[in-house]
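Q: Structure incoming, see below.
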Amino acid sequence: MIGHIASLTSLIDRCAHRAAMHVRTKTALLNNSAPIVSFTFDDVPESAFSVGAAILDAHGVNGTFYIAGTLCDTVDPDGRSLITTPECRELHRRGHEIGCHTFSHRKVGSLGHQALQLEIERNQAFFSALDSSIVLENFAYPYNRATPSSKLMLQRRFRSCRAGVPGVNVAPWISVC
Ligand SMILES: [Zn+2]
């Protein structure tokens, strides 16, 4: 019985994510004359700070680090140390962007509207306490899972919201939330 419930939950999750891909939200016009690449990290392993950010720094570019506050100063299930709070502060001071990834790193589909709102507020408060100049302006969906309602809600709060989908954005107008 528990296996059936888990399968049903997974199916609902996949359907909601598929549906979200067809919900039109904010778009941005790309009028660049050359390709654009952005370097992003989710969660974030300590190596993204000590190795990834160092490589970006050496080339004079910045990255975006989508971090769930509750994961800071912890070890993930694979035994990897995740970024520490002083390292988050250091990233910001070196010009890298801290992005929002909810506070508790839960799938947005498991959260109601108010709970999702609270997750966003808690994550902002967490980083504001580290450095009052940190403003979370962009968002990445935990587990790359969006829902139609979360897209509509989060597009009002953030400049962009990301989920991982293979491919290259080539249209002049791209969806940013
Ligand atoms: Zn994540």
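The values are calculated or read from the model by the stated rules, or taken from the named source; none is laboratory data. Here the structure is a predicted model, which means the values were calculated and not measured. Neighbour counts run over all protein chains shown; Cβ positions are idealised from the backbone, glycine included.
Q: Those residues that are basic (Lys, Arg) and farther than 17 Å from Pro45 by Cα, I need them from the range 80-116; list them, please.
A: Arg93, Arg94, Arg106, Lys107
Q: Would you pick out the residues in the range 16-34 that are out of contact with any Leu (no Cβ under 9 Å at 6 or more places or on another chain) and surrounded by 12 or more Cβ atoms within 10 Å (Cβ to Cβ)?
A: Selection gives Ala16, His17, Ala19, Ala20, Met21, Lys26, Thr27, Ala28, Leu30.
Q: Quick one: Val37 ticks every box in (1) modelled with pLDDT of 85 or more; (2) surrounded by 12 or more Cβ atoms within 10 Å (Cβ to Cβ); (3) within 22 Å of Asn169 (Cβ to Cβ); (4) β-branched (Val, Ile, Thr) bar one, so which box is it?
A: Of the numbered conditions (1) modelled with pLDDT of 85 or more; (2) surrounded by 12 or more Cβ atoms within 10 Å (Cβ to Cβ); (3) within 22 Å of Asn169 (Cβ to Cβ); (4) β-branched (Val, Ile, Thr), the odd one out for Val37 is (2).
Q: Checking the condition assigned to a helix (DSSP H, G or I), within 15 Å of the ligand (Cβ to nearest atom), without any contact (Cβ under 8 Å) to a residue 40 or more places away in the chain and of a type outside the set (Gly, Ala, Ser), which residue from Ile120, Ile98 passes?
A: When all the criteria are applied, what remains is Ile120.
Q: Shifting gears a bit: Could you run through the range 141-152 and say how many residues are over 16 Å from Ser10 (Cα atoms) and buried (at least 19 other Cβ atoms within 10 Å of the Cβ)?
A: Of the residues in that region, 3 qualify.
Q: In addition: What residue, among those in the range 128-156 that are hydrophobic (A, V, I, L, M, F, W, C) and in contact (Cβ under 8 Å) with a residue 60 or more places away in the chain, is nearest to the ligand (Cβ to nearest atom)?
A: Ala140
Q: Hey, which of the strands (runs of 3 or more DSSP E) in the range 27-88, taking only ones fully inside, have at least 2 residues that are closer than 18 Å to Phe126 by Cα and β-branched (Val, Ile, Thr)?
A: Passing ranges, in order: 64-67.
Q: A follow-up question, please. In the range 123-158, what count of residues is obtained for those that are hydrophobic (A, V, I, L, M, F, W, C), under 12 Å from the mean Cα position of the chain (by Cα) and not in a helix (DSSP H, G or I)?
A: Residues meeting the conditions: 5.
Q: Which condition number in (1) touching a helix residue (DSSP H, G or I) at 6+ places or on another chain (Cβ under 8 Å); (2) of a type in the set (S, T, N, Q); (3) under 19 Å from Phe41 (Cα atoms) is the one that Gln124 fails?
A: Of (1) touching a helix residue (DSSP H, G or I) at 6+ places or on another chain (Cβ under 8 Å); (2) of a type in the set (S, T, N, Q); (3) under 19 Å from Phe41 (Cα atoms), only one is false for Gln124: (1).
Q: Another question, then. Would you check which residues across the range 40-73 are polar (S, T, N, Q) and loosely packed, with under 13 Cβ neighbours inside 10 Å and list them?
A: Ser50
Q: Suppose the filter is at pLDDT 75 or above, over 26 Å from Phe65 (Cβ atoms) and in a helix (DSSP H, G or I); does Ser7 pass it?
A: Yes.
Q: Looking only at residues that are touching a helix residue (DSSP H, G or I) at 6+ places or on another chain (Cβ under 8 Å) and in a helix (DSSP H, G or I) in the range 10-26, which one is farthest from Val168 (Cα to Cα)?
A: Ile12
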